[in-house]
Amino acid sequence: MTDAIPTDQIKDQAYDLECTNIHKNFGAVRAVDDVSFKIPKGSFFSILGPSGCGKTTLMRMIAGFEDPSSGDIQIKGKSVLNTPPNKRNVKMVFQHLALFPMMNVQENIAYGLRCIGTEKSEIERKVKDVLERIALPDVGSREIHQLSGGQKQRIAIARCMVMDPDVLLLDEPLGALDLKLREAMKIELKLLQHQFNTTFIYITHDQSEALVMSDHVAIMNEGRFEQIGRPEDLYHKPNTSFVAGFVGDSNRWAGKVSATDGDSFKVETDAGLSMISKRAVAGPFSAGQSVSIFVRPEFIKARKSALMTDTEKTANKNTLQGRVDSVLFNGANSRVLVRGPVGELIEADVVVTGGPDDLRAGDDVTLVWSAKQTMCFAA
Ligand code: ATP
């Protein structure tokens, strides 16, 4: 997949990083399989995929710790294939941060500048400047063990940013933090990226991190990029069933097309349900074809059967009867698990008001959803 970020989503035409037809084999293992992409200047770009899909290998090739088996990597328009890691203007933040425990904050940040022979007064100016930019102007003389987890993260980023890299690579840097701090750091990382206006490439298997922070996300599966897009496009317009399943929650059914009528498909699921889809992804499909159906829980309306009107049922095309198995309370927008007519659990999002119409376990419920929100992929 090449140049998959639509050009109208790119502020100017300059790219900080361009990978072309990258392959990486480890013996018989194909870790990265023909990956091509361009990252526009100053972006927050994430690579999201399950464990073992090749994210770290790709990152290590960009940093120069691994050579691709074939393909080219360009940084700011120049191939870096023959450039060793320390000569590439790329910095990397790891999950374990790798701060030097025997040095204080200032010395940690100054380390790289000292290694390249920067003058003392210039080092002092740059360290002071970067500490102000990360909003920690007063911690320079602290020891590393005197910092909180979030402060350590910021110092690890400052230590890279003081070198003014073309690209900052972040390999699951929030992995070791507790949930609350992770949530706070997501927002902070995004703000820091804006502040420095440097391209950040972030790898993670956690979709909520990638979707919240990124301008664009690449979904990686078995060494390949399945789709590159804005978070909202990946969520609402997935190109493949893998992307639909990996990004966000979905109800899924396997089945076969039983009839077609213009842009509308009737599908009989393997478990014996009938559904109409008006969203054939990479279709059209023909009768007899095996397909997968995906419906997001927020698009399924669940109401006590006695309260659901006929108009709602006919307007929505897909209707099922079921019984509430449980309600996963999560404030106003909660998730209800409904046991459907053939025994499967269907998830729907409901608004909880605290009133008598709220759904409770054991209620008979009618589920309705639109054919247009019923995504259909070739199996
Ligand atoms: P995780 O999220 O678990 O870190 P990942 O997406 O980063 O996974 P990689 O570490 O890039 O995945 O691994 C991709 C594939 O390449 C895996 O099958 C892995 O076992 C294999 N692999 C990675 N490094 C090597 C190596 N040095 N030698 C042999 N196989 C390797």
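Filter segment 278-301 down to residues that are touching a residue at least 60 places away in the same chain (Cβ under 8 Å), open to solvent by less than 30 Å² (accessible area, probe 1.4 Å) and touching an Asp or Glu at 6+ places or on another chain (Cβ under 8 Å), then give me how many there are.
Residues flagged as touching a residue at least 60 places away in the same chain (Cβ under 8 Å), open to solvent by less than 30 Å² (accessible area, probe 1.4 Å) and touching an Asp or Glu at 6+ places or on another chain (Cβ under 8 Å) within segment 278-301 amount to 2.
If C19 satisfies all but one of (1) open to solvent by 10 Å² or more (accessible area, probe 1.4 Å); (2) at pLDDT 95 or above; (3) on the phi < 0 side of the Ramachandran plot, what's the number of the condition it fails?
(1)
Output the number of the condition that V127 fails; it satisfies all remaining conditions of (1) open to solvent by 50 Å² or more (accessible area, probe 1.4 Å); (2) at negative phi.
Among (1) open to solvent by 50 Å² or more (accessible area, probe 1.4 Å); (2) at negative phi, V127 violates only (1).
Which is open to solvent by 30 Å² or more (accessible area, probe 1.4 Å), in a loop (DSSP other than H, G, I, E, B) and of a type in the set (D, E, K, R), of E107, E66?
Working: E107 fails: in a loop (DSSP other than H, G, I, E, B).
On inspection, the qualifying residue turns out to be E66.
Could you run through segment 163-185 and say how many residues are more than 16 Å from the ligand (Cβ to nearest atom) and open to solvent by less than 10 Å² (accessible area, probe 1.4 Å)?
So the count comes out to 4.
Pairs, please: C-beta under 7 Å, at least 6 apart or cross-chain, first residue over 16 Å from N104 (Cβ atoms) and in segment 116-142, second outside any helix (DSSP H, G or I) and at pLDDT below 90?
That search, which allows pairs on different chains as well, returns nothing.
Of the residues in segment 27-55, how many are within 13 Å of the ligand (Cβ to nearest atom) and either surrounded by fewer than 19 Cβ atoms within 10 Å (Cβ to Cβ) or more than 16 Å from the chain's Cα centre (by Cα) (or both)?
11
Taking segment 56-84 only, how many residues are within 16 Å of the ligand (Cβ to nearest atom) and not hydroxyl-bearing (S, T, Y)?
Total satisfying the criteria: 13.
Of the residues that sit in segment 221-241 and are within 16 Å of the ligand (Cβ to nearest atom) and in a loop (DSSP other than H, G, I, E, B), which one is least open to solvent (accessible area, probe 1.4 Å)?
If we take residues in segment 221-241 being within 16 Å of the ligand (Cβ to nearest atom) and in a loop (DSSP other than H, G, I, E, B), then G223 is least open to solvent (accessible area, probe 1.4 Å).
To keep it simple, each residue is scored yes or no on (1) within 16 Å of the ligand (Cβ to nearest atom); (2) of a type in the set (G, A, S); (3) assigned to a strand (DSSP E or B).
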position: D138; (1), (2), (3): no, no, no
position: S141; (1), (2), (3): no, yes, no
position: K152; (1), (2), (3): no, no, no
position: I155; (1), (2), (3): no, no, no
position: S208; (1), (2), (3): yes, yes, no
position: I219; (1), (2), (3): yes, no, yes
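Conditions: (1) within 23 Å of D16 (Cα to Cα); (2) over 32 Å from the mean Cα position of the chain (by Cα). D164 meets all but one. Number of the miss?
(2)
Could you tell me whether segment 197-215 includes any residue that is over 17 Å from the mean Cα position of the chain (by Cα) and open to solvent by 10 Å² or more (accessible area, probe 1.4 Å)? Walk me through how you get there before you give the answer.
Initially, segment 197-215 is screened for residues over 17 Å from the mean Cα position of the chain (by Cα), giving 197-198.
Restricting the remaining residues to those that are open to solvent by 10 Å² or more (accessible area, probe 1.4 Å) gives 197-198.
Scanning segment 197-215, I find at least one residue that is over 17 Å from the mean Cα position of the chain (by Cα) and open to solvent by 10 Å² or more (accessible area, probe 1.4 Å), so the answer is yes.
Could you list, in sequence order, all residues of segment 348-367 that are touching a residue at least 40 places away in the same chain (Cβ under 8 Å) and within 11 Å of G322 (Cα to Cα)?
Once the filter is applied, which keeps residues that are touching a residue at least 40 places away in the same chain (Cβ under 8 Å) and within 11 Å of G322 (Cα to Cα), segment 348-367 yields D363, D364, V365, T366, L367.
Starting from residues that are more than 20 Å from D16 (Cα to Cα) and in a strand (DSSP E or B), keep the ones in segment 69-104 and report whichever is least open to solvent (accessible area, probe 1.4 Å).
Among those residues, the one meeting the criterion is N104.
The values are calculated or read from the model by the stated rules, or taken from the named source; none is laboratory data. A quick note: this is a predicted structure, and the numbers were derived from the prediction, not measured. Here Cβ is always computed from backbone atoms with ideal geometry, including for glycine, and neighbour counts include all displayed protein chains. Calculation scope for accessible area: heavy atoms of the full protein, side chains included, ligands and nucleic acids excluded. Shrake-Rupley method; radii C 1.70, N 1.55, O 1.52, S 1.80 Å.
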